[in-house]
1. Going by the structure shown, is residue 12 within 14 Å of the ligand (Cβ to nearest atom), modelled with pLDDT of 95 or more and part of a loop (DSSP other than H, G, I, E, B)?
2. Do you know which residues across segment 21-43 are over 8 Å from the mean Cα position of the chain (by Cα), within 16 Å of the ligand (Cβ to nearest atom) and surrounded by 17 or more Cβ atoms within 10 Å (Cβ to Cβ)?
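The values are calculated or read from the model by the stated rules, or taken from the named source; none is laboratory data. All of these numbers come straight from a predicted model, not from anything done at the bench. When we count neighbours, we look across all protein chains shown, and the Cβ atoms used for this are built from the backbone with ideal geometry, even at glycine.
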Ligand SMILES: [Zn+2]
C-alpha cells in the first residue's frame, strides 16, 4: 500500500456512487476482464501481475456506457 492517495476525480469514467459494470484491461499483461462489482475510483487487481487496474469503461444501468477518453 502506498499512502499517496490524492483526492482527485477521474480515476474511472463513472463518478457516481452506485455499483456498476466495469471493463478492465491490465496495462502490463493486456489481460482483460469484466466485473459486475465496479465502483467509481476503485480499481481491481490483475490476478497475474498483482497491480491495481482502473476500469476504462463502465456501464451503469442498462445502456449507459461510459468510456474513458
Ligand atoms: Zn496483468
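1. Working: within 14 Å of the ligand (Cβ to nearest atom): no; modelled with pLDDT of 95 or more: yes; part of a loop (DSSP other than H, G, I, E, B): yes.
It is false that residue 12 is within 14 Å of the ligand (Cβ to nearest atom), modelled with pLDDT of 95 or more and part of a loop (DSSP other than H, G, I, E, B).
2. Step one: list which residues in segment 21-43 are over 8 Å from the mean Cα position of the chain (by Cα), which gives 21, 25-37.
Now restrict to residues that are within 16 Å of the ligand (Cβ to nearest atom): 25-35.
Matches in segment 21-43: 26 only.
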